[in-house]
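What follows draws every value from the coordinates through simple rules; no lab data is involved. In this text the structure is predicted, and so the values were computed from the model without any measurement. Reconstructed Cβ throughout: ideal geometry from the backbone, glycine too, with neighbour counts over all protein chains shown.
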Ligand SMILES: Cc1cc2nc3c(=O)[nH]c(=O)nc-3n(C[C@H](O)[C@H](O)[C@H](O)COP(=O)(O)OP(=O)(O)OC[C@H]3O[C@@H](n4cnc5c(N)ncnc54)[C@H](O)[C@@H]3O)c2cc1C
């Protein structure tokens, strides 16, 4: 393995120049996984993050990890006790016209989800990399720029927002793990990539409530007034979603309106009433998807939301980010172990196979969730037909369960 250590010198212009093997931009689930796995094998890396440690350890986002990804992290020593003991979900429920329709995807596929809030995973991975392994991470890295990715000696520069000092690190590879609003993707010439976008044309009001879950499983409410969802985020906190116009303001959703819409859209005969609580986060997501192809150019490899966004319909984004990170690490480790570059050469295609399967499944489910509120009776009819097929046909249900849990997405 390459144990290239970071050295430092100050250039004539006062910028501090260093050298390492891999620069990873972004300390989300993707970047932290790459950083941990590379440093565990002695490959030197520098992890750059624009935010502070406190901020990223508290940023609430995803919460559902597919079992195959948890097992993959466990095999590599990256699943902490909190994750392995997390609550497991194996069913979800749709409510339409007052009726409950349960989709038993765990029984159909043999796998389940682990309910583990993203900020806890980030905290675990950061502790393992920075505190236990002594990994190099620079928080507050502003104005990150990537240079020379089409040469064999790329470099990444940034400004330390604490001191104002500009730094540059020369490296062998750059891992662009800086999420949907990151900057690394812009280093790829526009003529060398294709960005496919799909806008769902709707908004989701994403809410976090300081309230215990009101059901044992995820609940999707299909309603003419708009979709709604209930998802556990632990014993004391629950995520809710309400469909709203794109670009709507969270200020249009005071406490009373939120809970009365949730009660109406998630109601069903025989269902337990919602346990209400203070709304501690309110933000509007404009629901859209994109895929960047290829996911690499020269010495830059994109991973996670930097390369693809999946609207959080079927809880796919964090799982895809981790899949990319595992494949990228395998490719980089093979390069450093014995000069085998086949993994890096096939990285983009290998990731994109799962990405497109997940995008397709997300689209398919999205029509079930949004058809009933579209105002179009044709779309509402299609949604109801899909729901019946999913929950009543064992053959169709098994195939869809595999896609929901990601156990059959390698085509
Ligand atoms: C409300 C919501 C709910 C979701 N629910 C789910 C779910 O249940 N299941 C699921 O699988 N997915 C879900 N997702 C998606 C999931 O959160 C993302 O797919 C996941 O965060 C992607 O991880 P990542 O590491 O690629 O990017 P990120 O987590 O976005 O990490 C990127 C990091 O890069 C940093 N950064 C950005 N720009 C720069 C820069 N210029 N320089 C340096 N650092 C930079 C950011 O601060 C961040 O720390 C949800 C998303 C949202 C918003």
Once the mean 1/r over all distinct Cα pairs of segment 263-402 is inverted, what Kirkwood radius in angstroms do you read off? 18.1
Hey, what angle do you get for helix 255-266 against the long axis of the chain, alpha-carbon based, 0 to 90 degrees rounded to 10? 70
quick shape note, the chain: Cα extents on principal axes in Å, largest first -> 72, 43, 43
Please tell me the relative contact order of the chain in percent, rounded to the nearest whole number, where contacts are Cα pairs under 8 Å and at least six residues apart. 19
Among 347, 297, 358, determine the one that fluctuates most according to a GNM of the chain built with springs between C-alpha atoms less than 10 Å apart. 297
Among 329, 151, 161, 391, rank each residue by its count of other Cβ atoms within 10 Å, from fewest to most, as a rough exposure measure. 151, 161, 391, 329
Reciprocal mean inverse distance between Cα atoms of segment 354-411 - Kirkwood radius, Å: 11.9
Under a plain spin-label model, where a point goes 7 Å from the Cα along Cα-to-Cβ, how far apart in nm are residue 151 and residue 378? 5.6
May I ask you to compute the full-extension gain from residue 192 to residue 132, defined as 0.36 nm times their residue separation minus their alpha-carbon distance, rounded to one decimal in nm? 17.6 nm
One finds, for residue 264 and residue 385 with R0 = 35 angstrom and r their Cβ-Cβ distance, a FRET efficiency to the nearest 0.05 of 0.90
With 0.36 nm assigned to each residue of separation and the Cα-Cα distance removed, residue 340 to residue 170 gains 59.0 nm
Modelled FRET efficiency - R0 41 Å, residue 393 with residue 58, Cβ distances, 0.05 increments: 0.45
Going from the fewest other Cβ atoms within 10 Å to the most, one would list 99, 18 as 99, 18
Could you work out, for segment 160-210, what percent of all Cα-Cα pairs fall into each 10 Å distance bin, beginning at 0 Å and stopping at the bin that holds the largest distance? 14, 30, 28, 21, 6
Can you put 191, 366, 50, 407 in order of Cβ neighbours within 10 angstrom, beginning with the fewest? 191, 407, 366, 50
Mind checking Rg over Rh on segment 198-313, alpha carbons, Kirkwood formula for Rh? 1.07
Where the convex hull is taken over the Cα atoms of segment 64-215, what is its projected area averaged over directions, in nm²? 14.7
Once both labels are modelled 7 Å past Cα along the beta-carbon direction, what's the residue 293-residue 76 spacing in nm? 2.5
When every alpha-carbon pair in segment 301-351 is counted, what percent end up more than 17 Å apart? 37
Would you look at the GNM of the chain, springs on alpha carbons closer than 10 Å, and say which of 66, 93, 132 moves the most? 132
Which residue, 153, 354, 104, tops the fluctuation ranking in a GNM of the chain built on C-alpha contacts under 10 Å? 153
In what sequence, highest mean first, do 166-179, 374-387 appear when ranked by Cβ atoms within 10 angstrom? 166-179, 374-387
Cα-Cα pairs in segment 29-126 separated by more than 20 Å, as a whole percent of all pairs, come to 49
Projected-area mean, segment 259-341, by convex hull of Cα positions, square nanometres: 9.1
Simple spin-label model, 7 Å along Cα-to-Cβ: residue 91 to residue 210 in nm? 3.2
